[in-house]
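The values are calculated or read from the model by the stated rules, or taken from the named source; none is laboratory data. Note that this is a predicted model, so its numbers are computed, not measured. Cβ sites come from the backbone with ideal geometry, for glycine too, and all protein chains shown count toward neighbours. Surface areas here come from the heavy atoms of the whole protein model, side chains and all, with no ligands, DNA or RNA. Shrake-Rupley method; radii C 1.70, N 1.55, O 1.52, S 1.80 Å.
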Amino acid sequence: MAQLPILESKVYTWDKCNAVIKKASGMEKLIFNGNGGKLSLHSMKGIILYKGKKLNYPSDNNGPERFFIIKKGPVSVQLSGIEYTIDKGSVIVLLPGDALTILNSNNTNAELYEMTYHSIAAPDAERGRKAGTSFVMNWNDMVFKPHDKGGVRQLFDRSTTMLNRFDIHVTQLNKGFKSHEPHTHANEEIILMLEGNAEMQIGNEHQKANPGDVVLLNSMVLHNLTNIGTTPCLYFAIQWN
């Protein structure tokens, strides 16, 4: 199989995806698809799931990992024999070997992000087992800790089969504030905008980031985020190595 292209650090937009696949269950928007410093496969899709339709992910011990964020719900989820009902901001982590079903039992279309990834290094199933199983996190159960710029919800910081470390939190950044001064770090990162309007510094460029947008930052790329809107920004910060 041909090697995928190296992904560019920039803002990728939900609304301007040209690669759209129509299916009986809904539509898929390919936000990006390539590789990075740690991942031989790194794909992000925006999925529109029609009412009454479902997505099935069968068990595959040799498959990639997947991470989902609900953009518009609610949806019903079945994972490891347990059923959940989750809404906007909730997440699912699906590790190799586990099966997942996502059902839209609502009267309107649901929307979600699906991040599919496979490490360049050989997957470590034992590391994944020791770190824990696949799981669902309901937005309503995430603890909000306020601070002087807004607040944060720390979701998890753990190893997986594919990753030495997978760290995710959700930041609420009040209007007029910067996330931090421009800085770099070795971990690759995604900023996924749920609400609000921001300006991202990426290297020497400044790009707008609006609700639904996904910002990809490669290792050691200078970056920060400034809330330029009139309401708080709400965004996921996702790092891995």
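At a glance:
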{"quantity": "Selection from SER105, SER59, GLY128, by position along the positive dipole direction of segment 28-133 (Cβ)", "calculated": "SER105"}
{"quantity": "Linear extension gain, ASP87 paired with ARG165, 0.36 nm per residue minus alpha-carbon span", "calculated": "25.5 nm"}
{"quantity": "Residues of the chain: accessible area per residue with a 1.4 Å probe, Å²", "calculated": "47"}
{"quantity": "Gaussian network model of the chain, springs between alpha carbon atoms under 10 Å - residue of LEU217, LEU192, LEU103 with greatest fluctuation", "calculated": "LEU103"}
{"quantity": "Residue-span extension gain [ASN187 to ASN62] - 0.36 nm each, minus C-alpha spacing", "calculated": "42.5 nm"}
{"quantity": "Estimated vicinal HN-Hα couplings, Hz - segment 165-181 in sequence order (Karplus 6.51, -1.76, 1.60; Gly, Pro = x)", "calculated": "8, 10, 10, 9, 9, 10, 9, 9, 10, 6, 4, x, 9, 9, 4, 5, 5"}
{"quantity": "Accessible surface of segment 1-83, 1.4 Å probe, proportion on carbon and sulfur as whole %", "calculated": "49"}
{"quantity": "Theoretical FRET efficiency, 1/(1+(r/R0)^6), r = Cβ-Cβ of LYS16 and LYS130, R0 35 Å, to 0.05", "calculated": "0.30"}
{"quantity": "Segment 155-219 - percent of accessible surface contributed by carbon and sulfur, probe 1.4 Å", "calculated": "42"}
{"quantity": "Reachable lysines from LYS54, criterion Cα separation under 22 angstrom, eight or more residues apart if same chain", "calculated": "LYS22, LYS23, LYS29, LYS45, LYS71, LYS72, LYS88"}
{"quantity": "Calculated FRET efficiency for the pair ASN174/GLU205, C-beta based, R₀ 30 Å, to 0.05", "calculated": "0.75"}
{"quantity": "Those lysines that a straight Cα-Cα span of less than 16 Å connects to LYS149, excepting residues fewer than 8 apart in one chain", "calculated": "LYS175, LYS178"}
{"quantity": "Long-range amide H partners of ASN241 with built H, under 5 Å", "calculated": "ASN164, ARG165"}
{"quantity": "Straight-distance crosslink candidates among aspartates and glutamates, where the alpha carbon sits under 17 Å from LYS51 and sequence neighbours closer than 8 are dropped", "calculated": "GLU28, ASP87, GLU111"}
{"quantity": "Check: the chain dipole with +1 on Lys, Arg Cβ and -1 on Asp, Glu Cβ, in debye", "calculated": "440"}
{"quantity": "Restricting segment 156-212 to chymotrypsin sites (Phe, Trp or Tyr not before Pro) in coil, as DSSP defines it, with at most 16 other Cβ within 10 Å", "calculated": "PHE177"}
{"quantity": "Options VAL20, HIS147, LEU163, ranked by Cα towards positive dipole end of the chain, top entry (Cβ charges)", "calculated": "VAL20"}
